[in-house]
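The values are calculated or read from the model by the stated rules, or taken from the named source; none is laboratory data. Treat the numbers as computed from the prediction; the structure is a model and nothing was measured. All Cβ positions, even for glycine, are placed from backbone atoms using ideal geometry, and neighbour counts span all protein chains on display.
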Amino acid sequence: MSKLGVVIETTRRARGLTQAELAEGAGVTQAALSRWENDLREPDADNLDQLAKALGVTPRFLAYAGRPEAAMAVDAHMRRRQTAKPTVWRQLEAELNVLRMHASLIFEEVHLQSQMRIPTFDPIEVRASDAARLTRMQWRMPVGPVRNVVRWLEAAGCLVIERDFGNSRVDGLSQWVSDTPVIFMNSSVPTDRKRLTMAHELGHLVLHHEEMTPSLEDEANEFAAEFLMPMEVIRPQLRSLKIARLGDLKREWGVSMQALVERAYRDDLMTKEARTNFYKTMSIRGWRTVEPFSDELPPEEPELPAYIGKLLIERGLTPDDVAQMAGFDSARNNVLLPISTATRHMRLV
């Protein structure tokens, strides 16, 4: 049986539309839309075309995502603050599900081949910090700070997509598309926070591909800490941590001052009282609200989506062809691949 109803509802939520707004845009009644979303009836071909147009997708996308094996409304791994409103992160989760289906259509035409891959471990059998060390070993990463997290992710075949979430309470989400991992990032956050979010979502992809544990957020945090700040290397710098050293260490390791303090505290290199004093001093200096030196870190931006778009353009496809392939009704609505950037770059070359 088709799961078209959940596809329509999830895509509607991803677009931030109410039932009434989508019904008006598609020229149908809200009662009919409600029946379709609840799989009480299916829209005919004309109504499906109208719904697709109002949602900015193709009828093929709706049909493709509606297959029983598509699993359209899968819960996403997510790095967010507890104060993030459910309406916000549920919309972003819906958007990631829609992007995941668009990516699935692309990957039917483009097969990514990479020398590395994102490994997966059972979190019940492998501790998160050990999984981070094993990941670094498998990727043959140099000892010490990670230079350009997004490049390592993309080299392992991970599709990283960025956009401004319009909300600072949600940093990133992740899911697997069959064998391809996808991370959806908030582009508006500082580089140090973005790097930690990517490492956190990598932890989810590595540890929670199949197994969901009660402590999955703590496990992703532990993975991220060890991945970005290997204790064997950073220990001497954290053992005698001083407030005056935080700026230099932030520049060296590419993580926030708070992450450095937490790394020292969680691994028993800092007492509870010392941690409290650090945060008091940081608050007095205004560093808990806006940390200094974030703008001095090298920016990290994904390149793989533009590269895929470039390859498709080189095959002789137009931006609209690529959009149709991915299930968007036009290149203007194609948020998955920045085709315009790719084509401008090609002209320069």
*asked:* If the requirement is being in contact with a Pro (Cβ under 7 Å, 6 or more places away or on another chain) and assigned to a loop (DSSP other than H, G, I, E, B), which of these qualifies: Ile161, Ile118?
replied: Ile118
*Among the residues of region 73-126, which ones are closer than 19 Å to Met212 by Cβ and small (Gly, Ala, Ser)?*
Ala73, Ala76
*Can you pull out the residues in region 19-46 that are buried (at least 18 other Cβ atoms within 10 Å of the Cβ) and either closer than 26 Å to Leu336 by Cα or small (Gly, Ala, Ser) (or both)?*
Leu22, Ala23, Ala26, Glu37
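On the basis of being in contact with a His (Cβ under 9 Å, 6 or more places away or on another chain), among the charged types (D, E, K, R) and either surrounded by 24 or more Cβ atoms within 10 Å (Cβ to Cβ) or touching a residue at least 24 places away in the same chain (Cβ under 8 Å) (or both), does Asp192 make the cut? Let's see the steps before the verdict.
Numbers: in contact with a His (Cβ under 9 Å, 6 or more places away or on another chain): no; among the charged types (D, E, K, R): yes; either surrounded by 24 or more Cβ atoms within 10 Å (Cβ to Cβ) or touching a residue at least 24 places away in the same chain (Cβ under 8 Å) (or both): yes.
For Asp192, the condition - in contact with a His (Cβ under 9 Å, 6 or more places away or on another chain), among the charged types (D, E, K, R) and either surrounded by 24 or more Cβ atoms within 10 Å (Cβ to Cβ) or touching a residue at least 24 places away in the same chain (Cβ under 8 Å) (or both) - is not met.
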*Of all helices (runs of 4 or more DSSP H) completely enclosed by region 257-329, which ones contain at least 2 residues that are basic (Lys, Arg) and under 28 Å from Arg235 (Cβ atoms)?*
257-266, 272-284
*asked:* Let me spell it out: the conditions are (1) within 22 Å of Glu154 (Cβ to Cβ); (2) under 27 Å from the mean Cα position of the chain (by Cα); (3) modelled with pLDDT under 95, and Asp321 meets all of them except one. Which number is the exception?
replied: (1)
*If Trp152 passes every condition in (1) out of contact with any Leu (no Cβ under 6 Å at 6 or more places or on another chain); (2) assigned to a loop (DSSP other than H, G, I, E, B); (3) surrounded by 19 or more Cβ atoms within 10 Å (Cβ to Cβ); (4) of a type outside the set (A, V, I, L, M) but one, which one does it miss?*
(2)
*Taking Ala220, is it out of contact with any Pro (no Cβ under 8 Å at 6 or more places or on another chain) and among the aliphatic types (A, V, I, L, M)?*
yes
*In the set Gly157, Gly203, which member is on the phi > 0 side of the Ramachandran plot and surrounded by 15 or more Cβ atoms within 10 Å (Cβ to Cβ)?*
Gly157
*Could you please tell me which pairs satisfy a Cβ distance under 7 Å, a separation of 6+ or placement on different chains, a first residue in region 1-26 that is under 19 Å from Asp46 (Cβ atoms) and assigned by TED's automatic domain parsing to the domain that holds Ala52, and a second residue that is surrounded by 15 or more Cβ atoms within 10 Å (Cβ to Cβ) and among the polar types (S, T, N, Q)?*
Ala26/Gln50
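Going by what's in this entry, would Val146 be described as surrounded by fewer than 20 Cβ atoms within 10 Å (Cβ to Cβ), part of a loop (DSSP other than H, G, I, E, B) and not assigned by TED's automatic domain parsing to the domain that holds Gly16? Step through it out loud before you land on a result.
Numbers: surrounded by fewer than 20 Cβ atoms within 10 Å (Cβ to Cβ): no; part of a loop (DSSP other than H, G, I, E, B): yes; not assigned by TED's automatic domain parsing to the domain that holds Gly16: yes.
It is false that Val146 is surrounded by fewer than 20 Cβ atoms within 10 Å (Cβ to Cβ), part of a loop (DSSP other than H, G, I, E, B) and not assigned by TED's automatic domain parsing to the domain that holds Gly16.
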